[in-house]
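Report on the structure given below.
Read-outs: derived from the displayed coordinates by stated rules, not from any lab. The model shown is predicted, which means the values in this text are computed figures rather than measured ones. Neighbour counts are summed over all protein chains in view; Cβ atoms, including those assigned to glycine, are modelled from backbone coordinates with ideal geometry.
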Amino acid sequence: MTLTNPATFASVFGMYAGWGVKMPKDEYLSAALLAAAIFIGTAAWWLAIGATLSFCRNGLSKSAISTINIVSGALIVAVGVAFVVWV
């Protein structure tokens, strides 16, 4: 997800900038370590989510999964519509 979604990097760097975290000039190693830390943290997060859902999926029936998918889809559509209307 991190590699395919540059918004992850942009949002984290934006938060750091908002918090006033500054990098000294010509500190390429520090920048590379920060980018690597963001990648590893995001990868670990998605791995944990995937593993948890994989274990939970075995305990749910197909109708329960279908209901979850429908509700999730409806929420995504509602957020999209609200964003379009209010922005």
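Note the listed values (i) 18.5, 56; (ii) 13.6, 41; (iii) 19.8, 71, then indicate which one is Rg and Dmax of the Cα atoms in Å calculated from this particular structure.
(i)
Test of the criteria: in the stretch 7-76, which trypsin sites (Lys or Arg not before Pro) are in a DSSP loop and have at most 13 other Cβ atoms within 10 angstrom of their Cβ?
22, 25
Tabulate in residue order the Karplus-calculated ³J(HN,Hα) for the stretch 66-79, using 6.51 cos²θ - 1.76 cosθ + 1.60 with θ = phi - 60°, rounded to whole Hz; enter x for Gly and Pro.
Rounded to whole hertz, the list is 4, 5, 4, 5, 5, 5, 4, x, 5, 5, 5, 5, 4, 5.
For the pair residue 27 and residue 74, how long in nm is the line joining their label points, each one 7 Å along Cα→Cβ?
5.0
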